[in-house]
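A.B. asks: I'd like to ask you about the structure that follows.
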Amino acid sequence: HGDSSIYEALVRMSQPWKQNVPLIDFQGNNGSQDGDPAAAYRYTESRLAEITGEMLRDIEKNTIDTQLTFDDTNIEPRVLPARFPNLLVNGSEGIAVGISTDIPPHNLGEVIEAAIYRIKNKKCTTEELREFILGPDFPTGGKIYKSEGLDTIYKNGEGRIEIEASYQIVEGKNINQIIINEIPFSANKLSILVACDKIRLGKDIDGIIEVRDETDIEGLRIVIDLKKDINPETILNYLLNKTELRTSLSPRMIAIISGRPVQFNLRDYLDAYLDHQVDVITRRSAFDLKKCQARIHIVDGLIKAVSIIDEVVQIIRHSKDKADSKTNLMTKFKFSIEQAEAIVMMRLHALSNTDIVILTDEKKALEAEISELEEILSNPKKLDKLLINDLTTIKNKYAKPRLTKILEPRESVTINLKELIVKENVWVSISEFGYIKRSSIKSYESSLPSLTGLKDGDTIIGTFLANTVDIVLCFTKLGYFLYVPINVIKETKWKDVGDNIRQLIAMTENDRIIRAVLIKQFRSDLFITSITHDGMIKKTKLDEFEMIKYAKPSRYMKLAKDDEVADVNLTNGGNDLTLITNDGEAAYLAEEDIAATGLQSSGIYGIKLTKDNYLVSLLISSKDERLKYVAITDAGAIRICDLSHLQRTQRLGRKQVVFKTFKSIPHSLIGIIPLRKKEDKIQTYGVLTNDQLQEIVISDFNVTPYERYVKDDNLKVGRNRLRRLFISEVDTVNKDTISLYRGEKVKDTPTYKEGVSEWEQMAFEGLDFNPKDE
C-alpha cells in the first residue's frame, strides 16, 4: 500500500490509547486522543518495544513458515511465533472483500490465565473460560455493563456492548462538577468537548456553565461546571445519551485460521492459539535437538582428538593443505567429516591447550538437553508444562491491572427532558406559511408597536407568551398537526421573520397552518374540535396528541377528496359550537352531540351545505353563553353579532342566518373575532389578495341589527379582497383550564348509530365521497 500506510500502521502500534500493549517504542509526535495525526516520519524515530521481542522470539529456529515477498526478492514470515496472544490482547479491525473483523482488546493477564486453564482442562466450556476473561479491556478504560450482548461475543463471536465514560460528580459550595477521566475506546476527546459545549451554547438544556479540557501529563480530564440548583445526575444522563461519552461497539471475531477466515468464540480462539504455540515449541525443540546432536558429535570428536593430540598434530603438520589434513584424519582415526572440519579449524594452541574436562562437562550438558528435548517431542504433558511456564513468565513480567470496569446491569434511566430545558418565558410567533420563532421578552417589548417580521402575503396564526418547557400544537389545512416543543424553536429577534418550521418538521410544501394551541399540560378531559369546508366536524381527546417523536407531521383528521380543514378549536366537552358558513348561515350545536374519535378517523357531518357555500369558522362558547363576536367579510364589511337569536339544534338540523347578504353584492365570511373582554378598541390585521396588509381597527361594539343586509365596506379595501385575518391569541391548556368532565371519566367513542344516510356512514368510515352530491 505504500510507505504512508506502513507508517500509519507503525504509529498505531505505538499509541497507548489504541493498544493495550504497544508494540512500538516511539520518539516524537505520534498523534493524540483528540484525533491529531502523527508528525511526518522524517521527524520521528521508533524501535521495537521490549514485549515485541516475545512476538519474534525463536523466529530464527524454523518455528514458522516463510514465503516470498510480493516482488519475489526476499523472504517474509507467514505468521509470527507470537509467544503471547496478541490478537486478543491488542485486538484488530479490518475489512476485506465481503468480510470484516472487529476484535476488541483484552487484558493480557486475563487472556493468559484463560489459556493456561484451557491447557489444563481440555473439556472446559466457554462459560468456564469467562471466569477469567470478564470482557474487553480497553486501553482508555471506561465501563461496560454485563449484558446478553457481552455474553454472545464469547459464545458466538459477535454481539453488541455499550461503553461508558468513567466520571465522578463533585459537589462544591457554589457549583457542582462532572469530571470525566476516562472516555470510551476509539472516542475522540475533542469531539466530546465540542459536543458538550455545543449543548451549552445552544441552550439545549439548562445548567451547564462551562466545559473545559484539563488533560495533562497526569492523564485525561474533562471538567463540566454546573449550576448548583441543577441535578447533576440528570445532566450527566443527557450528555451520555447525546455525546460520545457513551458509545456502542459490535465486535465480530473473525481471524484467518488454517488459511481461511473463521468466526470464532472464546474457546475456539484459545484452541487455535495454543495449537499454534504447540507447533512453534515442537519446531523449536526439533531445531534445538538437531543442533545439540550436531554439537555433541563435534564434542565427541574433540575429546578423541585431545586424547591423541600428538598424533593429530603430527598428521596436520605433514599434510599438504586443509583438505589433505581432513582426509588424513578421517583415514587414520575414523573421524567424520564434521569432526575433522572442527579439528582442523581450531588453532594449534587452542587444540593443544583444550582441557578435556571442559569438553566432558559440555557433553554431559548436551546429553541432558537432548534428553529434555526428546521428552518434549514425545510427551505432550511435558510440552504443555513448558508452554504454561512460558506464558506464566510473560504474564508475571508484562501483565497490568484491568482498566475497563465490568459492572452489573444498570437500571434503565428515564430522562425528564423538561428538567433539562432552560426555563424562561419567551414570545412566540407562528405564521400561516410556517414561519416560527421565539424571542426574549426584551426583544418583544423593544419592538412594539411594530409588527413581527413577515413574508409578503403571510398571516399571523398566533403571537403568545409561552415558557420553553411548553408545547405548541399547530394544525394544518390538510388535516395534520405539528408537535413543536418551544425549546427547539430557534431564538431570534422579534422583528425577524424566523425560520420555517419545515427545518424541524417535514411539512409538505402546499400545506398551511390554520390554528395553534399552547399546551402546558396534556389532559384527557379536554378536546380538539375541528371542522372542514365541506361541513364535517370531529373532536378528539387532547391527550392523544401527546408525542415523543415529532420529526414528521401526524394526521388528526382524515379528509375526503378536495376537502380542507376550515377551523380548529379547543373545547371542554360541554361547549356550544357555532358552525358558520361563508355566506352567513350557521348551525348552533351542543358539543355533547359529537362523539370523540381517534386521530386517524374522519369526522361526521355537522351541517348541510348548498352547492356554493362552505364552512369557514367554528365559534366556541360556554353553555348558553350569549357571546358577542365580530364577523369580517372578504369585501371589508364588519358585523358585530351575538348568539342571542340562535337556537340550539341537532346535528344536520335547521340552518340559521348570522348575517344577510344581497346576491347582487356578494360578501364571503373570512373570519370571526370573539369579544370576551371589555376593550375600547380592537386592532388587528388582514391580508389582501394582492398580499398587502390591511389594518383593522374596531371601536364600535354595538350589535349590528340582524335585519340589516351586508352591503357596506367598512375597511375600504377597494377592488381587493381580504384573504385571511391575523390571529393574535391562542388557546392555552394548563391545570386550571375548565372542563365539563373535570374529575370524571370521559366517555369513550360510541358506536355510530344505525339508520344514517349512506354518505354519512361513508364519512364516518373515512371513505372518499362527494358530500355535495347528497
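A.B. asks: Based on the alpha-carbon set only, what is the convex hull volume of the range 394-481 divided per residue, in Å³?
C.D. replies: With only Cα atoms used, the range 394-481 gives 261 Å³ per residue.
A.B. asks: Hey, another quick one. Any chance you could list the semi-axes, whole Å, largest first, of the equivalent ellipsoid that the Cα gyration tensor gives for the range 450-557, using √(5λ)?
C.D. replies: Sorted largest first and rounded, they come to 23, 18, 13 Å.
A.B. asks: So what's the back-of-envelope 222 nm ellipticity for the chain, counting only DSSP H runs of four-plus at -39500 (n - 2.57) apiece and dividing by all residues, rounded to 500?
C.D. replies: -8000 deg cm²/dmol
A.B. asks: Just flag the trypsin sites (Lys or Arg not before Pro) in the range 684-746 sitting in loop per DSSP whose Cβ has no more than 10 other Cβ atoms within 10 Å.
C.D. replies: Answer in residue order: LYS716, ARG719, LYS735, LYS745.
A.B. asks: Can I ask one more? Report, in cubic angstrom per residue, the convex hull volume of the C-alpha atoms of the range 113-225.
C.D. replies: 150 Å³
A.B. asks: With only alpha-carbon atoms in the gyration tensor, what are the semi-axes of the equivalent ellipsoid for the chain, in Å, largest first?
C.D. replies: Values for the chain, descending: 92, 26, 23 Å.
A.B. asks: Right, another one. Just order 660-666, 143-149 by mean Cβ neighbour count inside 10 Å, highest at the front, would you?
C.D. replies: Descending mean neighbour count gives 143-149, 660-666.
A.B. asks: If you don't mind, there's one more thing I want to ask. In percent, how large is the relative contact order of the chain, given Cα pairs closer than 8 Å and 6 or more residues apart?
C.D. replies: Relative contact order, the chain: 9 percent.
A.B. asks: A further question follows. What is the helix-to-structure angle for 380-398, meaning the angle in degrees between its Cα long axis and the longest Cα principal axis of the chain, kept from 0 to 90 and rounded to the nearest 10?
C.D. replies: 60 degrees
A.B. asks: If you don't mind, there's one more thing I want to ask. Report the Stokes-Einstein translational diffusion coefficient (µm² s⁻¹, integer) for the range 357-420, Rh taken as the Kirkwood radius over Cα pairs, at 4 °C with viscosity 1.567 mPa s.
C.D. replies: 74 µm²/s
A.B. asks: Measure nothing but the geometry: give the 0 to 90° angle between the long axis through the Cα atoms of 322-333 and the longest principal axis through the Cα atoms of the chain, rounded to 10°.
C.D. replies: Helix 322-333 sits at roughly 70 degrees to that axis.
A.B. asks: Classify the range 183-288: rounded, prolate or oblate, from the alpha-carbon gyration tensor (a ≥ b ≥ c, eigenvalue square roots; a/c under 1.5 rounded; otherwise prolate if a/b is larger than b/c)?
C.D. replies: prolate
A.B. asks: While we're looking at this one, here's another question. Positive end of the charge dipole of the chain (Lys, Arg +1 and Asp, Glu -1 on Cβ, about the Cα centre): tell me which of ASN90, ILE298, VAL223 has its Cα farthest that way.
C.D. replies: In the chain, that residue is VAL223.
A.B. asks: May I ask you to list the chymotrypsin sites (Phe, Trp or Tyr not before Pro) in the range 32-84 that are in a DSSP loop and have at most 12 other Cβ atoms within 10 Å of their Cβ?
C.D. replies: For chymotrypsin sites (Phe, Trp or Tyr not before Pro) across the range 32-84 that sit outside H, G, I, E and B with at most 12 neighbouring Cβ atoms in 10 Å, the list reads PHE70.
A.B. asks: Is any residue of the range 250-292 close enough, with backbone N under 16 Å, to a label point placed 7 angstrom from the Cα of CYS124 along the Cα-Cβ axis, and if so, which?
C.D. replies: What the label zone holds, given the 16 Å backbone N cut-off, is 265-275.
A.B. asks: With a 1.4 Å probe and all protein chains kept in place, how much accessible area does THR597 have, in Å² rounded to the nearest 10?
C.D. replies: 20 Å²
A.B. asks: Could I ask something else about it? Of the accessible area of the range 246-367, with the probe set at 1.4 angstrom, what percent is carbon plus sulfur?
C.D. replies: Using a 1.4 Å probe with all protein chains present, the range 246-367 comes out at 55 percent carbon and sulfur.
A.B. asks: With +1 on the Cβ of every Lys and Arg and -1 on the Cβ of every Asp and Glu, and nothing else charged, how large is the dipole of the range 263-317 about its Cα centre, in debye rounded to the nearest 20?
C.D. replies: Roughly 200 debye, rounded to the nearest 20.
A.B. asks: Of the listed peptides 96-103, 538-545, 369-376, what is their order by residue-averaged count of other C-beta atoms within 10 Å, with the highest listed first?
C.D. replies: Output ranking for 96-103, 538-545, 369-376: 538-545, 369-376, 96-103.
A.B. asks: Given LYS242/LYS405; LYS291/LYS322; LYS520/LYS561; LYS538/LYS677; LYS18/LYS242, which pairs have Cα atoms separated by over 32 Å?
C.D. replies: Result: LYS520/LYS561 exceed 32 Å.
A.B. asks: With a Cα-only, solvent-free Debye model of the range 37-162, what are the log10 I(q)/I(0) values at q = 0.13, 0.14, 0.20, 0.21 Å⁻¹?
C.D. replies: -0.78, -0.89, -1.31, -1.34
A.B. asks: Charges on Cβ only, +1 for Lys and Arg, -1 for Asp and Glu, centred on the Cα centroid of the chain; of THR597, HIS667, MET536, which one is farthest towards the dipole's positive end?
C.D. replies: Of the listed residues, the answer is HIS667.
A.B. asks: Under 11 Å from the Cβ of ILE103, count the other residues' Cβ atoms, weight Lys and Arg +1, Asp and Glu -1, and hand me the total.
C.D. replies: -2
A.B. asks: Output needed for the range 321-463: three equivalent-ellipsoid semi-axes, defined as square roots of 5 times the C-alpha gyration tensor eigenvalues, in descending order, whole Å.
C.D. replies: So the three semi-axes of the range 321-463 are 100, 25, 16 Å.
A.B. asks: What does the accessible area of HIS297 come to, in Å² to the nearest 10, when a probe of 1.4 Å is used?
C.D. replies: 70 Å²
A.B. asks: Using only Cα atoms and rounding to the nearest 10 degrees, what angle (0 to 90) does helix 356-378 make with the longest principal axis of the chain?
C.D. replies: 40 degrees
A.B. asks: Let me ask another. Evaluate the charge dipole of the chain about its Cα centre and quote only its size in Debye, nearest 20, assuming +1 on the Cβ of each Lys and Arg and -1 on the Cβ of each Asp and Glu.
C.D. replies: 1000 debye
A.B. asks: Would you mind computing the Rg to Rh ratio of the range 238-346 from its alpha-carbon coordinates, Kirkwood style for Rh?
C.D. replies: 1.55
A.B. asks: Note the direction-averaged projected area, equal to a quarter of the hull surface, for the Cα convex hull of the range 538-692, in nm².
C.D. replies: 11.7 nm²
A.B. asks: Okay, moving on. Where the only charges are on Cβ atoms (+1 Lys, Arg; -1 Asp, Glu), what is the dipole of the range 455-587 about its Cα centre, to the nearest 20 debye?
C.D. replies: So the dipole magnitude of the range 455-587 works out to roughly 500 debye.
A.B. asks: Can you give the accessible area of ILE308, probe radius 1.4 Å, in Å² rounded to 10?
C.D. replies: Taking all protein chains as shown, ILE308 has close to 40 Å².
A.B. asks: What spacing in nm lies between the two simple spin-label points modelled at THR331 and GLU8, each 7 Å away from Cα in the Cβ direction?
C.D. replies: 7.0 nm
A.B. asks: Note down the Stokes-Einstein diffusion coefficient of the range 25-95 in µm²/s, whole number, using a Kirkwood radius over alpha carbon pairs, 10 °C, and 1.306 mPa s.
C.D. replies: 105 µm²/s
A.B. asks: Tell me which residues come under 5 Å, amide H to amide H, from LEU675 once H is placed; ignore anything under 5 positions away on its chain.
C.D. replies: Those qualifying (amide H under 5 Å, at least 5 residues apart or on another chain) are LYS628, TYR629, VAL630.
The values are calculated or read from the model by the stated rules, or taken from the named source; none is laboratory data. These numbers were taken from a predicted model, which means no experiment stands behind them. Cβ atoms come from the backbone with ideal geometry, glycine included; neighbour counts cover every protein chain shown. When the accessible area is computed, the model is the full protein with side chains, heavy atoms only, and any ligands, DNA or RNA have been set aside. Shrake-Rupley method; radii C 1.70, N 1.55, O 1.52, S 1.80 Å.
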